[in-house]
There are 6 protein chains.
Amino acid sequence: MPYVNIQITREGATAAQKAELIGGVTALLQRVLGKNPATTVVVIDEVDTDNWGIGGLPVLDYRAQQASGGPAR
Amino acid sequence: MPYVNIQITREGATAAQKAELIGGVTALLQRVLGKNPATTVVVIDEVDTDNWGIGGLPVLDYRAQQASGGPAR
Amino acid sequence: MPYVNIQITREGATAAQKAELIGGVTALLQRVLGKNPATTVVVIDEVDTDNWGIGGLPVLDYRAQQASGGPAR
Amino acid sequence: MPYVNIQITREGATAAQKAELIGGVTALLQRVLGKNPATTVVVIDEVDTDNWGIGGLPVLDYRAQQASGGPAR
Amino acid sequence: MPYVNIQITREGATAAQKAELIGGVTALLQRVLGKNPATTVVVIDEVDTDNWGIGGLPVLDYRAQQASGGPAR
Amino acid sequence: MPYVNIQITREGATAAQKAELIGGVTALLQRVLGKNPATTVVVIDEVDTDNWGIGGLPVLDYRAQQASGGPAR
């Protein structure tokens, strides 16, 4: 009866893609650990890009910096 | 000073119902463990049904399958 | 099919107390929102006091400060 | 490669303020623990005030009670 | 740069099994959403069985009840 | 009354370092958003390295691969 929380930026994942994530991670837990799919809960959080930070920056600023060859890796 | 996170599908819980959850879980922690209500934090997350999986399916698909006597339990 | 996460400091909650929390919060969700107990998941995290902060201090320092009439409320 | 989740009430935090939180907490982890900013992830959750409880009440009710000198501290 | 949290009961998952979960969920996010594995973070929480509730009971009690044909589903 | 969860690998952070994280993030939220330190909760999770994945690998394998100039970035 696992619980899985998947956090991604909100950038247009479709219902079909989210269904594929739910099915895929549930199957993975069944295959690797024998967990019962019937009681596996998966919750997907889609997070606004302003609210997601990486490299000390909001993610869109981070990507722009990466694309321009800026100092951050 | 507990922290409680309640995750439910977003299906029309009213402000009054959410207030009742907040009051109820705070009282429970006071009664069972003597926790101070003044510093008990409760956060309710309402999750879109597309983003909630159970039984390897998005929850609305899961419920439809259950209702039709499908293979998953 | 809610998911509830309860975070408390690790200070000797017994198995019976934790069972009471699990039963109580599950019943609350059934009573207020009609949620099915069979698919309500509750996870309790017990956190070492060194790892719990309130008022800008580890919780044991915070309590000592409160007890001595220190500046923090 | 830490992960930090900051939960606040949704009350008008600006993109600039959220960027400052992301930069500040990433710098803190680098300074205190030597964590690499490039792999430090920060996720900010802004929670509707109806969904945030403190002192056994939704936060706006709690603040109103505090302002009126009510019984809760 | 997703973040995934997998919560399971602490019942002897091996390091190899946990590595398989980490690799599997990272590959799933790459395949379905094109997410970069290099910045996909996976955190596995193993939770003591006393601290995991389902059906209003600690999980070991729940399983015993199921095995004995008790009232809960 | 924010809640902050900091997740790091369990690799010997001292109580003093953890206190510095608690104080630092609480001060940051006060400075940027005017949040009251008295009701700011910080919870630090230290995660076993077997249970932390990055780049599709447990973190120690990932670091070894990086150090040897392996294919992953």
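No value in this document is a laboratory result; all are computed from the given coordinates. Quick caveat: nothing in here was measured; it's all calculated off a predicted structure. Here the Cβ is made from the backbone with ideal geometry for all residues, glycine too, and neighbour counts use every protein chain on show.
Values for this structure:
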item	result
The stretch F:3-67: relative contact order in percent, alpha carbon pairs under 8 Å with at least 6 residues between	42
Cα centroid separation - the stretch D:1-67 against the stretch E:33-73, whole Å	28
Shortest-first distances to equivalent copies, position F:R31, nm, label 7 Å out along Cβ	0.6, 4.4, 4.6, 4.6, 4.8
Crossing angle, helix C:15-33 versus chain C [Cα axis fit, 0-90 degrees, rounded to tens]	60
For the protein assembly as shown, radius of gyration divided by Kirkwood radius, i.e. Rg to Rh on alpha-carbons	0.95
Spatial extent of the stretch C:3-67: Rg and Dmax, with the Cα atoms as the point set, Å	15.1, 44
Distances in nm from E:G69 to the matching label points in the other copies, shortest first (labels 7 Å along Cα to Cβ)	2.3, 6.6, 6.8, 6.8, 7.6
Summed side-chain charge close to F:V4 - residues other than F:V4 whose Cβ falls under 12 Å, Lys, Arg +1, Asp, Glu -1	-1
Dipole moment magnitude, nearest 20 debye, the protein assembly as shown about Cα centre, only Lys, Arg, Asp, Glu C-beta charged	0
Per the axis that maps chain E onto chain F, nearest residue of E (Cβ criterion) and its distance in Å	E:D45, 5
Rounded to the nearest 20 debye, dipole of the stretch C:3-67 from Cβ charges on Lys, Arg, Asp, Glu	380
Ascending list, in nanometres, of distances separating the C:D48 label from those of the other copies (7 Å, Cα toward Cβ)	1.4, 1.4, 3.7, 3.9, 4.0
FRET efficiency estimate (nearest 0.05) - Cβ-Cβ, F:A27 to E:L60, R0 45 angstrom	0.55
Listed residues F:G12, F:T49, F:G34: farthest to the positive end of the dipole of chain F (Cβ charges)	F:G34
Unsatisfied cross-links (Cα-Cα over 20 Å) in the set A:K18/E:K35; D:K18/F:K35; B:K35/C:K18; A:K35/E:K18; D:K18/F:K18; D:K35/F:K18	D:K18/F:K18
